[in-house]
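So the structure is just underneath, and the comments pick up after that.
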Amino acid sequence: MSLKSFLAKIFAASVRKKIDRWANHPIETQEKVFQELIKKAQNTQFGKDHHFQHITSHSDFVKNVPVRDYEALKPYIERVVAGEENILWQAKPIYFAKTSGTTSGAKYIPITKESMPYHIEAARDSILCYIHETQKADFVNGKMIFLQGSPILEEKNGIKIGRLSGISAHYVPKYLQKNRMPSWQTNCIDDWETKVDAIVEETLKEDMTVISGIPSWVQMYFEKLREKSGKSVGDLFKNFHLFIYGGVNYEPYRQKFEHLIGRKVDSIELFPASEGFFAYQDSQTEKGMLLLLNSGIFYEFIKADDFFSENPKRLTIKDVEIGVNYAMIISTNAGLWAYNIGDTVQFTSTKPYRVVVSGRIKHFISAFGEHVIAKEVEEALRQAIEGTDARITEFTVAPQVNPAQNELPYHEWFIEFENEPTDLKAFALKIDTLMQEQNSYYYDLIQGKVLQPLKITKVAKGGFSDYMKSLGKLGGQNKVQRLANDRKIVEKLKLEQQ
């Protein structure tokens, strides 16, 4: 055992103890975070406008601070972008994480000197939890790659602007600098395809032990490695044993990854966003990710089924239930208040609080009242390909409301296969059965002959990459939308001739 891996184990044990202290006192921890946030923001413009000086409890907060999305908070954010201080949080942010907006172009998410350390600490602690639980630490001696956006930052009114992953690249600790891949120059390449080609050249002969990124884009990297070398990723990188990912569910990709790698590897799931680092997988044996209750974020939850009603109830962690689909609302030390991040979660445990990401509050199919969410389609696909030779590159699902020839409506699954199942109709039927088992509304619609069973439409190889490229969203932190209640996405996909 090297000195570096020995010290990593000692450090991991120390950090795990600290995590357990707040994880074992969740209600008190969140109350402390809540009170600190309110106190520190009392004299901001937002705090004055929403009577923070009179807020002492969550019920006070609910009365004074409505739930907002980015569009509703935008008037305050525009003032911060313009250079004003003490608007949403004390002083100015140190960064804006620039993300793609849907209705108003780019979104600028503030990151403050108080919030930035938690982004870095959470990423570090996820790995330390893995080391502590498994006692595997030899990987710290090898090379590690983090597929991310360019670290080149703009500046406006004294605030630096960039992608979150690019901002994070400036915070790699010194003890990992020699291990980090790719080179700074390669990381600065903006065009994703050119960047991946350069990363392949740089890493081909390195001892890669940890690889991290959004599964769909890591998949592209793996495919190019195999194409260049003629070897499986596992043969190229014999000490590669840990994959770290976030952004999308890994399960639909797992079978193809194991084929590309040539063996199974351990994985750690993360739940980061520009708005905050919310959770990470702290155990290889327990389902879900540990919700970070001591990271400058106060959480509220609204049942997804009630979210669009006039006055939905806002719950704190003490009121949540396992298995219920919730929209997650956050208030943070970056100055986001009762902010709807758009993600939905389900709790898998309350001792400690662990979550899985179940989808997006606006991304669902309910064209017929079925309320299908991303977690259900991903789980159905995972089970359907289990034990088969089928391998999925990417997929999305949309309703077909007006089929030809007086057919019943149906859900249409657009799938790009690397390896197609032997019997596509049987495969589709298996997915449909699994969907009915998970979703009682869908079951009733199928059994009641309101819908016919789903159909699969094959997407040409590279079709999803071409689609993302057409949007200017190839690579980085971008991901394909799993569900839509309309057909705008699928109309742009390059389909195979049936």
Being open to solvent by 10 Å² or more (accessible area, probe 1.4 Å), under 30 Å from D466 (Cα atoms) and touching a helix residue (DSSP H, G or I) at 6+ places or on another chain (Cβ under 9 Å) is the requirement here; does E201 meet it? yes
Given the conditions (1) modelled with pLDDT of 95 or more; (2) of a type outside the set (G, A, S); (3) within 21 Å of K375 (Cα to Cα); (4) surrounded by 15 or more Cβ atoms within 10 Å (Cβ to Cβ), every one holds for I322 apart from (4)
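Please state which one of E78, E36, E28 is surrounded by fewer than 18 Cβ atoms within 10 Å (Cβ to Cβ) and more than 28 Å from T350 (Cα to Cα).
Result of the check over E78, E36, E28: E78.
Please verify whether I161 is within 27 Å of K479 (Cα to Cα), touching a residue at least 60 places away in the same chain (Cβ under 8 Å), among the hydrophobic types (A, V, I, L, M, F, W, C) and not assigned by the TED database to the domain that holds F395, treating the condition exactly as stated.
On the way: within 27 Å of K479 (Cα to Cα): yes; touching a residue at least 60 places away in the same chain (Cβ under 8 Å): yes; among the hydrophobic types (A, V, I, L, M, F, W, C): yes; not assigned by the TED database to the domain that holds F395: yes.
Here the answer is yes, as I161 does meet what is asked.
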The correct count of residues that are more than 17 Å from the chain's Cα centre (by Cα) and over 17 Å from I111 (Cα atoms) in the stretch 312-341 is 13
Note: among T433, T388, T422, just one is touching a Pro at 6+ places or on another chain (Cβ under 8 Å), open to solvent by 40 Å² or more (accessible area, probe 1.4 Å), free of Cβ contacts under 8 Å to residues at least 40 places away in the same chain and farther than 24 Å from I489 by Cα, namely T388
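If you take the residues in the stretch 287-311 that are open to solvent by 30 Å² or more (accessible area, probe 1.4 Å) and not charged (D, E, K, R), which one is nearest to D343 (Cα to Cα)? Step through it out loud before you land on a result.
Here is the first cut: in the stretch 287-311, the ones open to solvent by 30 Å² or more (accessible area, probe 1.4 Å) are 287, 294, 303, 305-311.
Filter again for not charged (D, E, K, R), leaving 294, 307-309, 311.
Working: N294: 20, F307: 12, F308: 14, S309: 17, N311: 19 Å.
By that ranking, first place goes to F307.
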All-but-one check, I167 against (1) in contact (Cβ under 8 Å) with a residue 12 or more places away in the chain; (2) open to solvent by 10 Å² or more (accessible area, probe 1.4 Å); (3) farther than 21 Å from L260 by Cβ, failing number (2)
Log entry, pairs with first residue in the stretch 395-417 being within 10 Å of L483 (Cα to Cα) and of a type outside the set (A, V, I, L, M), second being at pLDDT 90 or above and assigned to a loop (DSSP other than H, G, I, E, B), beta carbons closer than 7 Å, six or more apart or on different chains, reads P399/P409; W413/L454
Going through (1) open to solvent by 50 Å² or more (accessible area, probe 1.4 Å); (2) at pLDDT 95 or above; (3) part of a loop (DSSP other than H, G, I, E, B) one by one, T103 fails only at (2)
When restricted to L471, L434, L454, the only residue farther than 25 Å from F257 by Cα, among the hydrophobic types (A, V, I, L, M, F, W, C) and modelled with pLDDT of 95 or more is L454
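The values are calculated or read from the model by the stated rules, or taken from the named source; none is laboratory data. What you see is a predicted model, and the numbers here were worked out from it, not measured in a lab. Every residue, glycine among them, receives a Cβ derived from its backbone with ideal geometry; neighbour counts consider all protein chains shown. The area values use the complete protein model at the heavy-atom level, side chains included, leaving out ligands, DNA and RNA. Shrake-Rupley method; radii C 1.70, N 1.55, O 1.52, S 1.80 Å.
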